[in-house]
């Protein structure tokens, strides 16, 4: 596996070796033994999958403790611009973000630990996005930051994404009281 780390501590992307021939391809999208030294001993308890059309923006979502989720994400079909925002109080990179292009052709995986808000923009129609989560979904603990918050200033690369009403009404970073401590 090829690993990439980022200026924000905890975020890791990786790509598995792809074996291809005239029949198609094979690769390991997840191998606990290989990831153990990089990500630690994670237990994934729920897998989620979403389908989005080009221009759909989902996020910036997270779950508050004690139901905070780590997410291992990838794109099965299509392409997405994936974003993780550091929301850990006391972090030197608080409010900063990392963007990663995930696509069916680059086979990239992105690890987003608890303490980050997460969102993505579908860049192609019928984009299938996959999440492995370290905690079960809990409606009472879900929260979100405003996707176009000027204090975070994410360049999504689109002028008018398709947004849910809930995401359009999310709180800005300057009103957010983080339950995540570094």
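For residue 80, are the conditions met, namely being surrounded by fewer than 22 Cβ atoms within 10 Å (Cβ to Cβ), in contact with a strand residue (DSSP E or B) (Cβ under 8 Å, 6 or more places away or on another chain) and modelled with pLDDT of 95 or more? No.
If you go through region 51-67 and pick out every residue that is surrounded by fewer than 19 Cβ atoms within 10 Å (Cβ to Cβ) and farther than 18 Å from residue 138 by Cβ, you end up with 4. Take the conditions crowded, with 18+ Cβ neighbours inside 10 Å and out of contact with any helix residue (DSSP H, G or I) (no Cβ under 6 Å at 6 or more places or on another chain) and apply them to residue 167. Does it pass? For residue 167, the condition - crowded, with 18+ Cβ neighbours inside 10 Å and out of contact with any helix residue (DSSP H, G or I) (no Cβ under 6 Å at 6 or more places or on another chain) - is met. In region 14-38, the residues that are over 13 Å from residue 106 (Cβ atoms) form Cβ pairs under 6 Å with partners that are at pLDDT below 90, at six or more places apart or across chains, as follows: 28/16; 34/1.
Within region 57-67, being on the phi < 0 side of the Ramachandran plot and in contact with a strand residue (DSSP E or B) (Cβ under 7 Å, 6 or more places away or on another chain) holds for 57, 58, 60, 61, 62, 63, 64.
The values are calculated or read from the model by the stated rules, or taken from the named source; none is laboratory data. Note that the structure is predicted; figures quoted are calculated from it, not measured. Using ideal geometry, Cβ is built from the backbone for each residue, glycine included, and neighbour counts are taken over all protein chains shown.
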